[in-house]
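The values are calculated or read from the model by the stated rules, or taken from the named source; none is laboratory data. Because the structure is predicted, anything quoted here is derived from the model rather than measured. Heads up, the Cβs are rebuilt from the backbone with ideal geometry, glycines too, and the neighbour counts pull from every protein chain shown. Keep in mind that these areas ignore ligands, DNA and RNA; they rest on the heavy atoms of the full protein, side chains included. Shrake-Rupley method; radii C 1.70, N 1.55, O 1.52, S 1.80 Å.
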Amino acid sequence: MTEAYGTTAVSEQAAVTVRPYRPTDHREGRHLWAELAEERARQYPLSAADGGGETARGAGFEEYLARIDLAGVWVAEDDDEGVVGLAGLVLREDAGEIWPIVVSEKWRGLGIGTALVDEVVEVARRRQMRALSVSPAVRDTAAMHCLHRAGFTAVASVELSLDLGRRQRDWHDGLELTDLPFRY
């Protein structure tokens, strides 16, 4: 499922090893999955009517690992702290999607997400994939900037939502695409 790679120097503040996920990484991977769910809940809070949404600590990580279209998972590991980041490659016919990309909160801003993305991009190139996509949350400006620097500059698709009112979100105005106003 995955291929082996070596150490990636991330920045002057952090040096981590980016390597394929191993079953012994499960506890830390599940924790990172929970951090991702909690971050999304903070970015897109639900109304008080449903208690602010469910972040189900780590729920779904096992299902993710069992996906038939999962081509590989990589982790960023610090010698002292253990696994501090995770990224996966999901197959889409002759293309791929990087999903998820998550870095533990205290390790963000050190280039670890970039190192994970670079690893997945290199794997996709070696596998001669036609294209590689990623779908960050629009409100995750740090991820948007990181991905743009990594070369993800073409908008290939947009997912639009119709808020039916049962789970009102705190939408922001100010996004324009094709000369049309959108909330995000």
For THR114, what charge total do you get from the other residues with a beta carbon under 13 Å from its beta carbon, if Lys and Arg give +1 and Asp and Glu give -1?
-1
Equivalent-ellipsoid semi-axes of region 18-167, from the Cα gyration tensor, Å, largest first:
24, 20, 16
Report the gain in length on full extension from ARG42 to LEU162: 0.36 nm times residue separation, minus Cα-Cα distance, nm rounded to one decimal.
41.2 nm
Accessible area (Å², 1.4 Å probe, nearest 10) - TRP99:
90 Å²
Using a 1.4 angstrom probe with every protein chain in place, what is the largest-first accessible-area order of ARG67, ARG27?
ARG27, ARG67
Give the accessible area for LEU65 in Å² (nearest 10); use a 1.4 Å probe, count only protein heavy atoms, and leave out ligands, DNA and RNA.
50 Å²
Could you pull out the trypsin sites (Lys or Arg not before Pro) across region 94-140 that fall in loop regions by DSSP (anything but H, G, I, E, B) with no more than 12 other Cβ atoms inside 10 Å?
ARG130
What residues have an amide H closer than 5 Å to that of ALA71, excluding those fewer than 5 places away on the same chain, when H is modeled at 1.01 Å from N in the peptide plane?
LEU89, VAL90, LEU91
Carbon and sulfur together cover what percent of the accessible area of region 30-184 at a 1.4 Å probe radius?
49 percent
Subtract the Cα-Cα distance of ARG67 and GLU176 from 0.36 nm times their separation in residues, and report this length gain in nm to one decimal.
35.8 nm
Kindly sort THR153, THR178 by accessible area of their heavy atoms, largest first, with the probe set to 1.4 Å.
THR178, THR153
Give me the extension gain from ARG22 to ARG126: residue separation times 0.36 nm, minus the current Cα-Cα distance, reported in nm with one decimal.
35.3 nm
